Each structure stands twice: as structure tokens, then as C-alpha cells.
Amino acid sequence: MSVQPLHNSQVLIDREHNVVFQTYRRINVAIDRAEGMRIYDVDGRAYLDMLGGIAVNALGHSHPRIIEAIEHQIRRYMHVSNVFYQEPQVKLAEQLVAASGYPRVFFSNSGAESTDGALKMARRFGSASGRYDIIGFSGGFHGRTYGALSIMDKPLYKDGMGPFLPNTLVLPYNDVDALESRVDENTAAVMLEFVQGEGGIAEATQEFVDAIWRLKQQFGFLVIADEVQSGIGRTGDFFAFERYGVRPDIVTIAKAMGGGLPLGGILATEEAAALLEKGMHGTTYGGNPVACVAGSVVVDEVASSLMHHVREVGEYLHGRLRELHSAFPNHIREIRGRGCMQGIVLTMDAAPFIPKLLERGVIANATAGNVIRLVPPFIITRADIDELHAALTMVFSAE
Ligand SMILES: Cc1ncc(COP(=O)(O)O)c(C=O)c1O
């Protein structure tokens, strides 16, 4: 079942179909504007945004502090290149260092670009000692570049795209035996999401993480945490890995950090950061000053108070979703995740529920086949969650 778009939406949809690569499975909503937790379409309908630009708009839409920072910056300069020293980059790097405890930051433009930068660090690390294997895990998502795809397993993203990078492999997530039988002195790095986003809000087990660190101790490889979706406070901790009592060598970030502008990054220990020497890595736009001033507002808000709010509303959201689970045990198998990163795992395909939710005024998306993914802005309130609960109740009742 699909939502029937009204007139103005349909005009834009038809124009798009004529001229744009048809690579995205889009929701049938043509956007007019967005503010706070709401998106408005060109026909005047308002939607509660539980997708947040796919885990991007941490402060919601059109946040006044972000707009003010951007406006101020574009009047000073919009782009000068990484040939120069720029206050917005240095300030954001200082904030990230303070919030994360990692001493060094590299700025990129996106998550996938951060993945590839981190993989280059792994190769540099390994090439010094003749170890080349880089390992990813099933269900992981690291972006659409060849580096990222090489350590992912989903056929939809990879079929007909090979060959991929040599000496890369994908092991089953949360499988300690597989890890122990394959990781060895040829392993340069493993890369994982501690909470998989596209993979359906699947969390790494403590046992699995402990096994990675046991093997790391034995073989000395690097661990790369992909915190592109889970990081910058989304789970209620600044990084999802913090709960496991471990500290990866390299952390990739993007999404929420830019507050809606394209911005990615790599955080690293001093030793790992030193793997990339002058001239070895770079990007024209990475750390764009307009994106960085937006990022400064996001990191400031998250570190000063918003992360506590995420924890609190996250618990409320979890409680309300568990109520739904009790009310609709035939539809819902499990509630997963925490903070502003939660998933409703269904007993059936989740995709048909997305247009039904849209009809009730809620935007969400389906992932990993049977999971309704909820990655809302961090500013979500209890009233918003009650509205979501009411919409989900109506949708499941009508089944
Ligand atoms: C965990 C994770 N890593 C990397 C990426 C890739 O980020 P981007 O789409 O900005 O390239 C994503 C995007 O969804 C992601 O969720």
C-alpha cells in the first residue's frame, strides 16, 4: 500500500523521475520545509520526523543556534581549502578532543569517506609488518565506497560491483568462534559498529567485544569503531563503545556531528594518527568551515546537556515501545537499542508499515528486512513519543 501524494507532491515526484538516477527508494513526500521535530510537505501536511535525516539532524530541523552560526560564517568565508588554518576547524577539533578523549581529529565530508581514511590507516599500519587482512562483520554498514563495500556483506550493495579490495573479509557478527578461528598475525585491523544501524539496531555482545580485545592483545591489530550512526551522543553515551569498557584505536564519525551539513571525521590515538604523514591523505572540502561551525553547535549542545536528555527520553521511548510489544505480540518480536537509536523488530516484513505510518503522520524507515528504525533528533520530547505510540497503535490495530 502506498500513500497517494497530493497534487504538488506528485508534480515534483514526476519531475525527479525524469531526470535523476533512480538509485534511491524514496518515501513519497516532497519536502517544503522542516522545523524542530516536524517536516512539512509541499501540500501542507506535517509529519513527526522519527528518521531525522537518517540519524543526522541531532538538534532537529532549523535549529536557531545552527542557523545563526552558519549565517555568521558564510559572511566571513565559505571555503578557502585545507591549504589554510581555519578557526572553525580547530575549534570543533578541540571540542571533539575534549568530549571524546582522543587526541587527534581528521575532518572529511561523509561517513564513507571516513571509513576509507580509516582503512588506509589500517593498511599503513599493517604494511610496516607485512600484515594486510582487514575484517568487517555481517550486517555492518560502512558506506558505499569500494573500501567500505569490501568489508560489508549485503548482496544488494555488492552484487555485480566486484572485485573488491584484496585481503578483506567479513566474519559473522557476535560469533566468537568464527573470530577466534580467523583472526591471526596477518590481521591488520577489524572494523565494527558496536550498535549496527542499517543492520537493524543490533548490538555487539560484551562477550564478542571482549574476544576482540583478547585477540587484539595477542596479535596487536587495530580496532576501528564505526560511530557514524551511533556516535555523538545518540545512544546516550558520546560513543556506543563506551558501555563496553574498551577504547578503539580509531573512531569514524559523521551524520549527527554536522547538524545537517555534510561533515565526517576520524578520531585517533597519537600513534594511529601518526600513520598518515603530510600529503598522504586529504580532501578539498573536508572540514568545510560552514559545516564545522554547525558541528560546534551540535557538539556543544550534546556535551553540555542534550546527552542527558537523550538518556532520559530514550528510556521513555523504550518503555513505550515495550508496551506496544506487550499489546501486539503477534506483530512485534523485540525492541532493540537505546537512546535515540531504537528498533522495533517485527515478526514480518517492516517495509509495508512505513507508508501506513506516513498516513498517520509519522516518518520512519525500515531496515534489515523486519526492523522499523527510529533514529529521531535528540530534542524529541515525551509528547512526541506519545504521538508515535498512538500512530503505531493505530497501524498495528488495523492489521
Ligand atoms: C554506521 C555507518 N557508517 C558509515 C555510513 C556511511 O555514511 P555516508 O552515507 O555519510 O557515507 C553510514 C550511513 O548510513 C552508517 O550508518
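On full extension, the segment bounded by Ala274 and His79 gains 67.6 nm, given 0.36 nm per residue less the C-alpha separation. Among beta bridges from DSSP that stay inside the chain, the antiparallel ones total about 65%.
Ranked by the mean number of other Cβ atoms within 10 Å of their residues, highest first, the peptides 278-288, 69-79, 246-256, 199-209 come out as 246-256, 199-209, 278-288, 69-79.
Taking 35 Å as R0, compute the FRET efficiency from the Cβ-Cβ separation of Glu315 and Asn186 and round it to 0.05.
On the way: r = 43 Å, r/R0 = 1.24.
Between Glu315 and Asn186 the formula returns 0.20.
Using the Cβ of Thr235 as centre and a radius below 14 Å, the other residues enclosed give a net charge of -1, where K and R count +1 and D and E count -1. For an R0 of 22 angstrom, estimate the FRET efficiency from the Cβ-Cβ distance between Ser129 and Met161 and round to the nearest 0.05. E between Ser129 and Met161, to the nearest 0.05, is 0.15.
Projecting label points 7 angstrom from Cα along Cα→Cβ for Arg15 and Arg45 puts them 2.0 nm apart.
If a/c stays under 1.5 just call it rounded; otherwise compare a/b with b/c (prolate if a/b is bigger, oblate if not). Do that for region 105-257, with a ≥ b ≥ c from the square roots of the Cα gyration tensor eigenvalues. The partial results should precede the final answer.
Values: a/c = 1.27, a/b = 1.07, b/c = 1.19.
The shape class here is rounded.
All other residues whose Cβ lies under 13 angstrom from that of His389 are scored, Lys and Arg at +1 and Asp and Glu at -1, for a net of 0.
Annotation for Val246 and Glu71: the two label points, set 7 Å from Cα along the Cα-Cβ direction, are 4.6 nm apart. Mean sequence separation of contacting Cα pairs (under 8 Å, at least six apart), scaled by the length of region 276-399, corresponds to a relative contact order of 22 percent.
Quick one: among Asp210, Asp226, Asp133, which has the greatest mean-square fluctuation in a GNM of the chain with alpha-carbon springs under 10 angstrom? Between Asp210, Asp226, Asp133, it is Asp210 that shows the largest mean-square fluctuation.
Rounded to the nearest 10 degrees, the angle from helix 64-76 to the longest Cα principal axis of the chain is 60 degrees.
Given an 8 Å cut-off on Cα distances and at least 6 residues of separation, report the relative contact order of region 64-302 as a percent.
On the way: 445 pairs, mean separation 73.4, N = 239.
For region 64-302, the relative contact order is 31 percent.
Any read-out appearing in this document is the output of simple, stated calculations on the displayed coordinates, not a laboratory observation. What you are looking at is a predicted structure, and each value in this text was computed from that prediction instead of being measured. All Cβ positions, even for glycine, are placed from backbone atoms using ideal geometry, and neighbour counts span all protein chains on display.
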